[in-house]
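Remarks on the structure that follows.
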Amino acid sequence: MGSICRQEPSRAADEIAPTALQRTGWYTINIWDLHVHAIVEPRARRDAAYSLLKLHEQGINFVVYIERLIHEHAVRATRQVPVGDLRAYGPSEEAVATQMASFEAVADTLARPSWLRWFAQAVAGVGVHEREFEQWASEGCSGFKVAIPGDMTEWPVSYHLCRNALNVAARRDLPVTIHVEVSRAPWIRDLLDEFTQSRVSIAHFGYSRKRLADILLRYENVYTDTANLEGPAKSDVKGYTEFITEFSSQVVLGSDAFLGNLSASNRHIDFFSETLDEKTWRAISVENTNRFLGNSGIL
Ligand SMILES: [Zn+2]
């Protein structure tokens, strides 16, 4: 999403070329890219659909995060901070409509394939209650994502938002991705102590491999994703490879690409499939992603 993830300039759809995956034969396997954002220029929607198809031919499936709007009453009911401050953090109606329309247009072009799923994304600071998460689950999302902007990490609303998502996810048997800087969120342990049976992924290695390692060791039900980490991993191949190998049953593949620029997904997958040993690569791209998705991952 805009305030958290950078959008890269879009590239032509036919730059999507089968490379490492086809060389190693992995294209026959059902890989999930679990971290994609739904932003597409209206005129590029067909290109995005074409790119998705090309990548799917290599065995890759996608989970797309889409921000959802909250209701007025939910904003008013969040009393920890003044409503005026909260409004500044919420996605604009236009931004949400653009993401949803992007996803719908691409999904419709592809006749809604089962390998293209969406997670409903809520951003901390806009007081989403359990009823909104229930509503999104009824609309057919395959999971939830909670995004916590850096300057809201310590706020109680961030903890409560995650808790609401996890309560509904537990009832609906859905996975939850949380974007949070773990070193600034001591409350994450209280949350994880409460939801030891839930499937939770802390995106982007929690912005601290050191802090996240303690969490991954303590909570077997917690995962983390590789989103946007291809750059840092390139400059520290040894460190990242060791981390992923150590936690090879808890790392899931996610590129942070945008629907309008899926060559970023292709590059991400190529990099990790070439860098990791075959067993670890298979774990993060197939086995762990399927376990994390649970019933949501059945094709
Ligand atoms: Zn992202």
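Nothing in this text is a laboratory measurement; each read-out follows from the coordinates by a stated rule. Worth saying up front: this structure is predicted, and the values here are computed from it rather than measured. Virtual Cβ from ideal backbone geometry, glycine too; neighbours counted across all protein chains shown.
Straight Cα distances below 21 angstrom link LYS234 to the lysines LYS210, LYS279, with same-chain residues fewer than 8 positions distant left out.
In this label model, ASP173 and THR196 are separated by 2.2 nm, measuring between points 7 Å along each Cα→Cβ vector.
As a proxy for reagent exposure, ranking LEU53, LEU34, LEU174 by other Cβ atoms within 10 Å from fewest up yields LEU53, LEU174, LEU34.
Annotation: the antiparallel percentage among DSSP beta bridges lying fully within the range 167-299 is about 10.
Loop-located GluC sites (Glu not before Pro) in the range 107-216 (DSSP state not H, G, I, E or B) with no more than 11 neighbouring Cβ atoms inside 10 Å: GLU139.
A simple spin-label model places pseudo-atoms 7 Å from Cα toward Cβ; at LYS210 and GLU41 they are separated by 4.3 nm. Two numbers describe the Cα atoms of the range 236-282: Rg and Dmax, which are 11.3, 33 Å. The distance between label points at ARG189 and GLU220 comes to 2.1 nm (points 7 Å beyond Cα on the Cα→Cβ vector).
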